[in-house]
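**Q** Quick one: the structure is below, and I'll ask about it shortly.
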Ligand SMILES: [Zn+2]
């Protein structure tokens, strides 16, 4: 695991962001809806700021392409 950073979105939600140099398995990027292949750089994003509690936020974490996360509109 790389370092974790905190980012505040435009809506005020605080996101945890962890940069990974290489994916260990395939994930589907929620931004572009295409697959992040094994070995591809990605970021893991989640928020602990949900009405269902911290664990629900962690369980809802998503993997994004590093570029898609950087270009996100919020
Ligand atoms: Zn993507």
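**Q** Over the stretch 34-74, what relative contact order in percent results from Cα pairs under 8 Å that are six or more residues apart?
**A** Once normalised by length, the contact order is 39 percent.
**Q** Rounded to the nearest 500, what is the 222 nm mean residue ellipticity of the chain from helices alone, with -39500 (n - 2.57) per DSSP H run of 4+ residues and division by all residues?
**A** Result for the chain: -3000 deg cm²/dmol, rounded to the nearest 500.
**Q** State the volume of the convex hull built on the alpha-carbon positions of the chain, expressed per residue in Å³ and rounded to an integer.
**A** Each residue corresponds to 89 Å³ of Cα convex hull volume.
**Q** For a Förster distance of 25 Å, can you work out the FRET efficiency between the beta-carbons of residue 22 and residue 70, rounded to the nearest 0.05?
**A** With R0 = 25 Å, the Cβ-Cβ based efficiency is 0.90.
**Q** Between residue 31 and residue 11, what length comes free when the chain is fully extended (0.36 nm per residue of separation minus the Cα-Cα distance, one decimal in nm)?
**A** Length gained, residue 31 through residue 11: 5.5 nm.
Read the figures in this text as sums done on the coordinates, not as results from a lab. Quick caveat, the model's predicted, so the values are computed rather than measured. Quick reminder, even Gly has a Cβ in these numbers, built from the backbone with ideal geometry, and neighbours come from all protein chains shown.
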